[in-house]
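I have placed the structure first, in the form of structure tokens, so that the comments after it can refer back to it.
Derivation of every value follows stated rules applied to the coordinates shown; laboratory data play no part. Predicted, not measured: the structure shown is a model, and the values here were computed from it. Methodologically, a virtual Cβ is constructed for each residue, glycine included, from the backbone with ideal geometry; neighbour enumeration extends over all protein chains shown.
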Amino acid sequence: MIITKTGFSQMWLNVSILLALLTVVLIDGWIEPRVNKIEKSISENYDQGNEIPAEFGLLIKKIVPIETAAQLLMIAILVLMVMKPF
């Protein structure tokens, strides 16, 4: 069986896989721990009858750029998979 232009010889596929792995690391390593910290903080304050803590806004502001980067990576992966530019 002869395989031509398939598998790991296509650059768009290699780049897509690399970006997907980077996205997984970004989400699991950076975003998820911060979201868990926010969730814990809010649940503790809610259990005590308090309102949302003031640090909530600061923690969200730290997550937004990372989450935006993850979303842009997903868009780049989608474009690479559909258009196959190289």
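Against the longest alpha carbon principal axis of the chain, how many degrees, from 0 to 90 and to the nearest 10, is the axis of helix 11-26 turned?
10 degrees
Along the Cα→Cβ direction, 7 angstrom out, place labels at MET74 and GLU39. What is the inter-label distance in nm?
1.6 nm
Given ILE66, VAL35, ASN50, which one lies farthest toward the positive end of the charge dipole of the range 31-86, if we put +1 on the Cβ of every Lys and Arg and -1 on the Cβ of every Asp and Glu?
Positive-most Cα among the choices belongs to ILE66.
Once both axes come from the Cα atoms, what is the angle between helix 32-47 and the longest principal axis of the chain, in degrees from 0 to 90, rounded to 10?
Between the helix axis and the principal axis of the chain, the angle is about 20 degrees.
What residues of the range 56-86 lie in the reach of a label at ILE17, counting those whose backbone N is under 15 Å from a point 7 Å from the Cα along Cα→Cβ?
81
For the chain, what is Rg from Cα atoms divided by 2.2 N^0.38 Å, rounded to two decimals?
1.62
Kindly express, to the nearest 10 degrees and within the range 0 to 90, the angle between helix 55-83's C-alpha long axis and the longest C-alpha principal axis of the chain.
10 degrees
With +1 assigned to the C-beta of every Lys and Arg and -1 to the C-beta of every Asp and Glu, and no other charges, what is the dipole magnitude of the range 3-86 about the Cα centre in debye, to the nearest 20?
560 debye
Given a cut-off of under 8 Å on Cα pairs at least six residues apart, what relative contact order in percent is computed for the chain?
49 percent
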